[in-house]
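To start, the structure itself, in structure tokens.
The values are calculated or read from the model by the stated rules, or taken from the named source; none is laboratory data. If you're wondering where the values come from, they're calculated on a predicted model, not measured in any experiment. We place every Cβ from the backbone using ideal geometry, glycine too, and count neighbours over all the protein chains shown. Ligands, DNA and RNA are stripped out before the accessible areas are found, and what is left, the full protein with its side chains, is counted by its heavy atoms. Shrake-Rupley method; radii C 1.70, N 1.55, O 1.52, S 1.80 Å.
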Amino acid sequence: MTTSAQAAPAIQIRDLHKSFGSNKVLKGIDFHVDNGEVVCVIGPSGSGKSTLLRCVNRLEEPDSGQILVEGVDIIDPETDLDAVRSRIGMVFQQFNLFPHMNVLRNLTVAQQKVKGRSKKEAVEVARANLEKVGLSGRENVYPAHLSGGQQQRVAIARALSMDPDMMLFDEPTSALDPELVGDVLEVMKTLAGEGMTMMVVTHEMGFAREVGDKLVFMDGGVIVEEGDPREVLANPQQERTQAFLSKVL
Ligand code: ADP
Ligand code: MG
């Protein structure tokens, strides 16, 4: 455990800027996620949360600043982006399952194509992850026949089947009917308990309070306030944080 990659934080962001045309969306973001840490990101719609998350695996191209993933500069043109991305699992608000593939195939296809696993091995990994998200026995079902909450748990199991070092979640429960939210959060809580490094954009303040190690409040493309979730939620220091929380809590 002596290499620099292992000593480095999972994610380190320095002075990150990103605009779309004249719309300055990220205006100098600095923060880090330690290994095994769960960082929850909250803030009003349009504050740049998704853009920030998408910059971490370069689904968006930053304008300036630095992003280190396990110590590797992902903006450096020399960096093998595919190798970095293979260590990052991503789960979106819309589940993005392959509609024409059954659950098992959704979990095995990238394992075989990207990781080069045999079908047998991919199926074993898939089954273990389906069990983890409570969906054993659903492997032959097509996504359209699952509830939104089940689809999202399949999406999580699919991401986990690639053995990521960290998981990014972008409002994973925002598209779900309220009664389906709990099961997805429970899976995420289990993952956190197993030591998974997680960055979670969410409006679920209960989850942030209970599971988060750090809470980041963004507004207008900057981090307004960050700290222990229980402290920030109970006693926000900044006026903008207070105003936001008074609307959502
Ligand atoms: P949040 O996730 O906090 O709601 P986003 O990061 O999605 O915020 O969006 C921040 C701002 O960036 C918004 O004004 C949005 O319209 C703009 N934006 C996001 N993605 C794009 C894009 N691909 N092209 C142009 N504008 C974008
Ligand atoms: Mg968003």
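The range 88-153 gives an Rg/Rh value of 0.94, both radii derived from C-alpha positions and Rh following Kirkwood.
Given R0 = 22 Å, the distance between the Cβ atoms of ASP15 and SER45 translates into a calculated FRET efficiency of 0.35.
Would you mind giving the average projected area, over all directions, of the Cα convex hull of the chain in nm² with one decimal? If you wrap the Cα atoms of the chain in a convex hull and average its projections, you get 14.2 nm². Solvent exposure of the chain amounts to 47 Å² per residue of accessible area, where only protein heavy atoms count and the probe is 1.4 Å. Taking 1.567 mPa s as the viscosity and 4 °C as the temperature, the Stokes-Einstein diffusion coefficient of the range 1-136 based on its alpha-carbon Kirkwood radius rounds to 75 µm²/s.
So between SER174 and SER118, what do we pick up on full extension, going 0.36 nm a residue minus the alpha carbon distance? Working shown, then result.
Working: separation 56, 0.36 × 56 = 20.16 nm, distance 3.53 nm.
Answer, rounded to one decimal: 16.6 nm.
GLN238 to ASP82: FRET efficiency via 1/(1 + (r/R0)^6), r the Cβ-Cβ distance, R0 41 Å, to the nearest 0.05? Here the calculated transfer efficiency is 0.55.
Between ASP73 and GLU194, the distance separating the two model label sites (each 7 Å from Cα on the Cα→Cβ line) works out to 3.5 nm. Among the GluC sites (Glu not before Pro) found in the range 191-249, those both in a DSSP coil and sparsely packed, with 13 or fewer other Cβ atoms within 10 Å of their Cβ, are GLU194. The angle between the Cα long axis of helix 148-160 and the longest principal axis of the Cα atoms of the chain comes to about 90 degrees, rounded to the nearest 10.
Within the accessible surface of the range 138-249, defined with a 1.4 Å probe on protein heavy atoms only, the carbon and sulfur portion equals 44 percent. Remark: spin-label model distance ASN35-ARG209 equals 3.2 nm, labels positioned 7 Å along the Cα→Cβ axis. Note: relative contact order over the chain, using C-alpha pairs below 8 Å and six or more positions apart, is 26 percent. Report summary: the helix-based calculation at 222 nm, which adds -39500 (n - 2.57) for every DSSP H run with n ≥ 4 and divides by the residues of the chain, gives -11000 deg cm²/dmol. Cβ under 10 Å from GLN150's Cβ, GLN150 left aside: what net charge do those residues give with Lys, Arg +1 and Asp, Glu -1? In short, +1. The local environment of ALA10, defined by Cβ-Cβ distances under 13 Å, has a net charge of -3 under the rule Lys, Arg +1 and Asp, Glu -1. Here each label is just a point 7 Å from Cα along the line to Cβ, and for GLN93 and ASP163 those points are 3.4 nm apart.
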